[in-house]
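Rule-based calculations on the coordinates, nothing more; no lab input. Just so it is clear, the structure is predicted and the values come from calculations on it, not from any experiment. All Cβ positions, glycine included, derive from the backbone under ideal geometry; neighbour counts span all protein chains shown.
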């Protein structure tokens, strides 16, 4: 069965915007099911899938006895001295736009709807750095599938998809203190021309995370954006795939569970959040929450 592009939240397939805000929210205790339904119904009328992408966490889905296509449990990894934390939330809104003021106002509108019933645990402002680069200067998502291949990698038959979202904090001062060839070896690409080089060490990020080197192949669509705050900066890693398995395969290899060799990205960067979200499909331009009987 082929997946219709119109059934996927539009912002997932589009290029990243100039600005965005990620809102990750947790349901307050003792909120009635009726109030949860009321909030989701309000969001259904507000979320267009383009200027805002919505995702729901496993615990919220469980309240509605919803079974999705994959386990949305995000693994809390500790391996070879590395820590990949799990910080699951109930609801995620990726508010997108070309103007930072518009994004702020739209996010505030969403928060006014959520506030009586949800805590906003994480609110992070993202932006498109140059033509879509990480703050290290290297391009991100250069191996993304395109066209029909992107649709096939991203969406299940009904147009729903699984989003992995992590906040990676970079030690940019340390990274920039390294010689250029050492920086290139960590990433596995030359900064000068963005070319992956064959002689890159096995610990290079592009070697550890190469999507085609898994069985089955771990294809996913990356839509990461840079962030910069007064005390920290880095990358909001976001990927979309039919299931959580591609992300899990790649992360397991990055932290050395496969062969004991760890991704040297961890030399200067550390994830501080991590969660999966189920992004419901669209039907006739409207968010489809029928799995929740809404």
Exercise for review: Report the extension gain between residue 15 and residue 259 in nm, rounded to one decimal, defined as 0.36 nm multiplied by the number of residues separating them, less their alpha carbon distance.
Suggested key: 84.4 nm
Check your understanding: Under a point spin-label approximation (7 Å from Cα along Cα-to-Cβ), what is the residue 31-residue 197 distance to one decimal in nm?
Key -> 5.1 nm
Review point. Seen from all sides and averaged, what is the projected area of the convex hull of the Cα atoms in the stretch 62-194, in nm²?
Key: 12.0 nm²
Exercise for review: Over all alpha-carbon pairs in the chain, figure out the percentage whose distance exceeds 23 Å.
Suggested key: 54 percent
Revision key, fill the gap. With label points set 7 Å from each Cα along the Cα-to-Cβ direction at residue 179 and residue 228, the distance between them in nm comes to 2.9 nm
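Give, to the nearest whole percent, the P(r) tail of the stretch 190-269 beyond 18 angstrom, counting all Cα pairs.
Value for the stretch 190-269: 51 percent of Cα pairs lie more than 18 Å apart.
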Study note, to complete from the structure: From fewest to most C-beta neighbours within 10 Å, the residues 168, 278, 94 line up as 168, 278, 94
Point to revise | Theoretical ellipticity at 222 nm over the chain - DSSP helices of four or more residues, -39500 (n - 2.57) apiece, nearest 500 | key: -7000 deg cm²/dmol
